[in-house]
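Step one of this worksheet: look at the structure below.
Every number here is computed from the coordinates shown, using simple stated rules; none is lab data. Note that the structure is predicted; figures quoted are calculated from it, not measured. Methodologically, a virtual Cβ is constructed for each residue, glycine included, from the backbone with ideal geometry; neighbour enumeration extends over all protein chains shown.
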Amino acid sequence: MFDFTLTSERPIAAGMYVNGQWLSRGPASAAIEVENPANEDVVATITEGTETDAGEALDAARRAFSPWADRPAIERGRLVAALADEIEVHKDHLARLVTLEQGKPLGHAKQEIDAGITFLRYAAENARRIEGDIVTSDNRDEEIHIRRHPYGVVAGLTAWNYPFALAARKLGPALVAGNTFVLLSHEATPLSGLALASLSEKAGLPAGVFNVVTGRGPVVGAALVQSPMSDLVTMTGSTRAGREIYRAGADAIKVVRLELGGKAPFLVMEDADIDRAVQAAVAARYTNCGQICTCNERMYLHRAIADEFLEKFVAASRALTLGDPLGNADLGPKVSRVERDKVADIVASAVGAGAAVLLEGGIRENGAFSKGHWFAPTVLEASKNDNPAVQDEVFGPVATAVRVDDYDMAIRFANDTPFGLSAYLFTRDHKRLAQAPYRLKFGELYLNRSNGEAVQGFHTGWGLSGLGGEDGRYGFDGYLRKQTAYLNWG
Ligand code: NAD
């Protein structure tokens, strides 16, 4: 059992969850401290998993696979729905846990838990939608049947920005499709996954169907990818790690699904509703301290409205509050010191390359911010599209604007990136709106609205933003492999 209420005075030692058992390692085994990014207190310690741990978890998942896959899908769906019910009951504690390990404001953490519940419930509803096709044959007395089967054991690797929701997003459809699962969350935020394991026990998931290991990606994660016991790897994280995983899976021709980084352009044209665009740009840049893959990462502003937009955007950015994420602040801390410093480095190189500072937020480390990893909203303006703040993913509360002459120039600059996750466009011109899907090379478009995808959509990155995609019917289908049978009765 993992006590995810975290009410103990001292940091709790959390074990791994394998084959329905909580493994507590001896004092000699290596541990990783999990830090509260708002004050640097250690809230828990986790086991630094090894290749052997990965192997044990995969073995448990493999043994659990056939009995799980043999159940009618509706039974698997009911158990996944029961897990959603357990989460609902413990929502407040789970939200607090997310805030303590990740740093997002509590209200936003509650939304993350709700999103997790939605992912699981939607997956459960899909239990009656695993279908096949019967196709006419070219031969007499013959039919072609195309069936869907689960892959087997799924290894899920998740990023630190939404530790609870990202795990639920993969777990739900994988299980309902009939696969079993081994989860490795990023070592900075491993507690949400362990809490999910605790609740899966309560919900009655059979041993081995859902296992959680802890540790570092290049060790325990790499072992999950390379092992012949995993059949499909689904990862959400950085493009850097995605490349390593893709390479590591190559020898075994592993099925690999990758949801990677983004560099979303935010286009505001001369005919846009400026107040609405500003509001959306602020939400899309600063929510979760800028740590969302679909965040507004660079703004292309038509010259005719750029001054008005920037005046309002800078004022709204300045008005945002930074502070204790268990309180009412708009922004919490960055997840770690390393991530905070990465953002500071990008700002320094952007300014070095000629960007002007419109709002100097930057690192905060005095007074109430002497502990924790704080970075205040920062606004830059760049004149060139090759500025580092315009090209590299910031993943923090730094907004960069570039002025453009017209719509064509905005589209050209927007597409000048190897990333292809999401893009935003604000315009009232219906011709532009209708053309945008043909001109913007991104997997997810937000036209006249801020970010926030729906569970029935399809969240998918093009280019360096990944391969695979999640949610909706296409995301669910990703956990099912196809088989064709030629049935001849002649
Ligand atoms: P990360 O790449 O460091 O880690 C992600 C996961 O991969 C973790 O579970 C980690 O343990 C594992 N991992 C890392 N290296 C590995 C290796 N060599 N072998 C096997 N496993 C390995 O990611 P991060 O820094 O936590 O995430 C931030 C990034 O995630 C940002 O770029 C963000 O845009 C992206 N992201 C993308 C989406 C999306 O849906 N496209 C969603 C959220 C975050």
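Using a Förster distance of 25 Å, how high is the FRET efficiency between ASN328 and LEU447, based on the Cβ-Cβ distance and rounded to 0.05? According to the calculation, E is roughly 0.20. For the pairs LYS91/LYS202; LYS91/LYS170; LYS110/LYS202; LYS104/LYS202; LYS91/LYS371, flag any whose C-alpha to C-alpha distance is greater than 24 Å. Where the Cα-Cα span goes over 24 Å, the pairs concerned are LYS104/LYS202; LYS91/LYS371. Against the chain, whose longest principal axis comes from its Cα atoms, helix 274-286 is set at around 50 degrees. Using just its DSSP H runs of length 4 or more, each adding -39500 (n - 2.57), the chain gives a mean residue ellipticity at 222 nm of -12000 deg cm²/dmol after division by all residues. Of all DSSP beta bridges confined to the range 335-415, the antiparallel ones make up roughly 60%. Sparsely packed loop sites in the range 327-422 (the trypsin sites (Lys or Arg not before Pro) outside DSSP H, G, I, E and B with at most 12 other Cβ atoms within 10 Å) comprise LYS384. Using a cutoff of 8 angstrom between alpha carbon atoms and counting only pairs six or more residues apart, the relative contact order for the range 7-56 works out to 37 percent. If you average the alpha carbon positions of the range 389-466 and of the range 292-364, how far apart do those two centres end up, in angstrom? Comparing the Cα centres of the range 389-466 and the range 292-364, I get a distance of 18 Å.
For the range 250-273 versus the range 169-189, the inter-centroid distance based on Cα atoms is 21 Å.
Rounded to the nearest 10 degrees, the angle from helix 163-176 to the longest Cα principal axis of the chain is 30 degrees. With respect to the chain, whose longest principal axis is taken over its alpha-carbon atoms, helix 337-352 is tilted by about 40°. Here is the list for the range 115-205: GluC sites (Glu not before Pro) lying in DSSP coil, each with at most 16 other C-beta atoms within 10 angstrom of its C-beta, are GLU131.
Computed from the C-beta positions of SER137 and ARG481, the FRET efficiency with R₀ = 25 Å rounds to 0.70.
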